[in-house]
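Take a look at the structure below.
The values are calculated or read from the model by the stated rules, or taken from the named source; none is laboratory data. Quick caveat, the model's predicted, so the values are computed rather than measured. Heads up, the Cβs are rebuilt from the backbone with ideal geometry, glycines too, and the neighbour counts pull from every protein chain shown. Ligands, DNA and RNA are stripped out before the accessible areas are found, and what is left, the full protein with its side chains, is counted by its heavy atoms. Shrake-Rupley method; radii C 1.70, N 1.55, O 1.52, S 1.80 Å.
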Amino acid sequence: MFTSFSRPQWAVGFAVAVTAVLFALPSRAEPAPPYEALIESLDRIPITVEAEALLDAANARAQQARALPNPSVSVETENVYGRGPFSGYDAAESTFSINQPLELWGQRGARIGAAQAEAKVAALRRDQTQWTVAGSLALIYSEAEAASLQYELAVEALELTEADANAVMLLIEEGREPSLRGIQANSEVESARAAVDEARANRDAAFARLTAAAMLVQPVTAIEPSLLNRSPDASFQAMGNPLTVQIAEAELEAANKSVSVERLRARPAVSASLGVRRFQEYDTEAFTFGINVSLPLFDRNKGAISAARAEAHAAAARLTTAKLQTQANRSAAQARLDASITRIRAADKGVASAEEAYQLARAGFDAGRISQLELRSIRSALISARNTAVNARLARVRAEVELAGLDGRAPF
């Protein structure tokens, strides 16, 4: 296990047997892939596949934004099949022309800039999704490991309780304890056995969650190597601009570019035409050219401009909120991480003290100087201290996951 949970000296043989049971089973089981291997296969997780596909779509729209508008071709014939001199086709005037829309006033550049800004947002969101999934896997992995350790501790607690109960039975047989103590001891054993069943169910559920979250083919039956024992990299320097703030800034930039696009759409649409006209009567041709300009009398795109400006204002507000919250959240996460490290040291010392106290209490109980009630209380304190040590390490993982998510990186 992650810390030295030594056995009482009075039961060396029993402790060896328990240790063999606890550590032989995981060795035969197929452990889950290491956390690093799970991180390397993030591209298989559906949510990361979705984020990557959205980025591909945004990049494709940015590429499409560079395309020039298509020209149009028209053929027109005049002065045919009328009356008098226009009764036939001899006086026909046929015109073949090509019409090309012109993007003036920077309309094309604004459109390209807006699409590129959206692609930048999609890229940052893809990164955020990857780090979020990495943090989620780290948390699920550590929770499965903690559940496995707590099951082992429950088994060990059951064995200790049974050993204490056997000692009580010997004292009862010797007439040194009343029969009521035996009933109490058996009740404690049954309670410890129920705790083992509950811990086993929690462990199996945690293993199933890890199997599903990591999309593993084989069910997880053990955790190896440990993530709970791993300390965060103290030398890591947080980025000056957290990922959440970067996304908010990119969204504001994209919103501002959308305002430019909508403003330029209110400008007149201009197109140029060039053609050839055939004069059937004179058997000759002549060139034609022209400019077509729309008049923005009724539709000046005011609603779309107002909507784009409102979205830009909303993006600016989100950026301000992101800056304030990210700084506060990071400070809080760092404080929780520091506190969890201190808590682990204290918990390990508490385990050592509780083990020593239990050894002394058991020796005193065998000698008749400690009552069963005191022994039970000290044993409960030992079990609680060991579980506290597991929970302290799990709290450290959670703090590191939160901090890594704010920094835009994988935990550990």
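Let's see how each residue does on (1) open to solvent by less than 70 Å² (accessible area, probe 1.4 Å); (2) part of a helix (DSSP H, G or I); (3) out of contact with any Ser or Thr (no Cβ under 6 Å at 6 or more places or on another chain):
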residue	(1), (2), (3)
Ala315	yes, yes, yes
Arg318	no, yes, yes
Ala333	yes, yes, yes
Ala347	yes, yes, no
Ala352	yes, yes, yes
Leu360	no, yes, yes
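Can you tell me which residue is farthest from Leu382 (Cα to Cα) among those in the stretch 160-176 that are open to solvent by 80 Å² or more (accessible area, probe 1.4 Å) and assigned to a helix (DSSP H, G or I)? Quick ask: steps written out before the conclusion?
Step one: of the stretch 160-176, the residues open to solvent by 80 Å² or more (accessible area, probe 1.4 Å) are 166, 170, 173-174, 176.
So of that shortlist, the ones also assigned to a helix (DSSP H, G or I) come out as 166, 170, 173.
Working: Asn166: 19, Leu170: 23, Glu173: 28 Å.
Only one residue tops the list, namely Glu173.
Would you pick out the residues in the stretch 71-122 that are open to solvent by less than 30 Å² (accessible area, probe 1.4 Å) and either modelled with pLDDT of 90 or more or polar (S, T, N, Q) (or both)?
The answer is Ser94, Thr95, Ser97, Ala110, Ile112, Gly113, Ala114, Ala115, Ala117, Ala119, Val121, Ala122.
Identify all residues within the stretch 277-313 that are in contact with a strand residue (DSSP E or B) (Cβ under 8 Å, 6 or more places away or on another chain), open to solvent by less than 60 Å² (accessible area, probe 1.4 Å) and among the aliphatic types (A, V, I, L, M); write none if there are none.
Ala286 - this is the single residue of the stretch 277-313 that is in contact with a strand residue (DSSP E or B) (Cβ under 8 Å, 6 or more places away or on another chain), open to solvent by less than 60 Å² (accessible area, probe 1.4 Å) and among the aliphatic types (A, V, I, L, M).
So in the stretch 362-407, with the set limited to residues that are part of a helix (DSSP H, G or I) and among the hydroxyl-bearing types (Ser, Thr, Tyr), which one is nearest to Ser136 (Cα to Cα)?
Across the stretch 362-407, the extreme among qualifying residues is Thr388.
Residues checked against (1) open to solvent by 70 Å² or more (accessible area, probe 1.4 Å); (2) closer than 30 Å to Ser136 by Cβ; (3) assigned to a helix (DSSP H, G or I):
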position: Arg193; (1), (2), (3): yes, no, yes
position: Asn202; (1), (2), (3): yes, yes, yes
position: Met215; (1), (2), (3): yes, yes, no
position: Val220; (1), (2), (3): no, yes, no
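Looking at the stretch 317-324, is at least one residue of a type in the set (Val, Ile, Thr), over 21 Å from the mean Cα position of the chain (by Cα) and within 24 Å of Asp164 (Cβ to Cβ)? Give the steps one after another, and end with the answer.
Looking only at the stretch 317-324, we keep the residues that are of a type in the set (Val, Ile, Thr), and these are 320-321.
Subsequent filtering for residues that are over 21 Å from the mean Cα position of the chain (by Cα) retains 320.
If we keep only those that are within 24 Å of Asp164 (Cβ to Cβ) as well, we get none.
No, that holds for no residue.
When you go through (1) touching a residue at least 40 places away in the same chain (Cβ under 8 Å); (2) under 28 Å from Ala392 (Cα atoms); (3) open to solvent by less than 40 Å² (accessible area, probe 1.4 Å) one by one for Thr132, which number turns out not to apply?
It is condition (3) that Thr132 fails.
Would you check if Asp338 is free of Cβ contacts under 8 Å to residues at least 24 places away in the same chain, surrounded by fewer than 17 Cβ atoms within 10 Å (Cβ to Cβ) and of a type outside the set (Gly, Ala, Ser)?
Yes.
Give just the number: which of (1) surrounded by 14 or more Cβ atoms within 10 Å (Cβ to Cβ); (2) within 30 Å of Gly106 (Cβ to Cβ); (3) modelled with pLDDT under 95; (4) not basic (Lys, Arg) does Ala254 not satisfy?
Single failed check for Ala254: (3).
Pick from Ala213, Ala192, Ala201: which is modelled with pLDDT of 95 or more and over 30 Å from Gly113 (Cα atoms)? Steps first, please.
On the way: Ala213 fails: modelled with pLDDT of 95 or more; Ala192 fails: modelled with pLDDT of 95 or more.
Checking each option against the conditions leaves just Ala201.
Of the residues Asn329, Asn292, Asn301, which single one is in contact (Cβ under 8 Å) with a residue 12 or more places away in the chain and closer than 30 Å to Ala399 by Cα? First the steps, then the outcome.
On the way: Asn292 fails: closer than 30 Å to Ala399 by Cα; Asn301 fails: closer than 30 Å to Ala399 by Cα.
The match here is Asn329.
Exactly one condition in (1) assigned to a helix (DSSP H, G or I); (2) in contact (Cβ under 8 Å) with a residue 60 or more places away in the chain; (3) among the charged types (D, E, K, R) is not met by Arg263; state its number.
Of the numbered conditions (1) assigned to a helix (DSSP H, G or I); (2) in contact (Cβ under 8 Å) with a residue 60 or more places away in the chain; (3) among the charged types (D, E, K, R), the odd one out for Arg263 is (2).
Restricting attention to the stretch 158-198, and to residues there that are of a type in the set (A, V, I, L, M) and in contact with a Ser or Thr (Cβ under 9 Å, 6 or more places away or on another chain), which single residue is farthest from Glu145 (Cα to Cα)?
Residues of the stretch 158-198 of a type in the set (A, V, I, L, M): 158, 160, 163, 165, 167-172, 180, 183, 185, 189, 192, 194-196.
Narrowing the set further to residues that are in contact with a Ser or Thr (Cβ under 9 Å, 6 or more places away or on another chain) leaves 172, 185, 189, 192.
Working: Ile172: 40, Ala185: 31, Val189: 25, Ala192: 21 Å.
Per the stated criteria, the residue is Ile172.
Tell me the residue from Ser179, Ser231 that is surrounded by fewer than 20 Cβ atoms within 10 Å (Cβ to Cβ) and either β-branched (Val, Ile, Thr) or more than 30 Å from Gly405 (Cα to Cα) (or both), please. Before you say what the answer is, go through the steps one by one.
Numbers: Ser231 fails: either β-branched (Val, Ile, Thr) or more than 30 Å from Gly405 (Cα to Cα) (or both).
Answer to the selection: Ser179.
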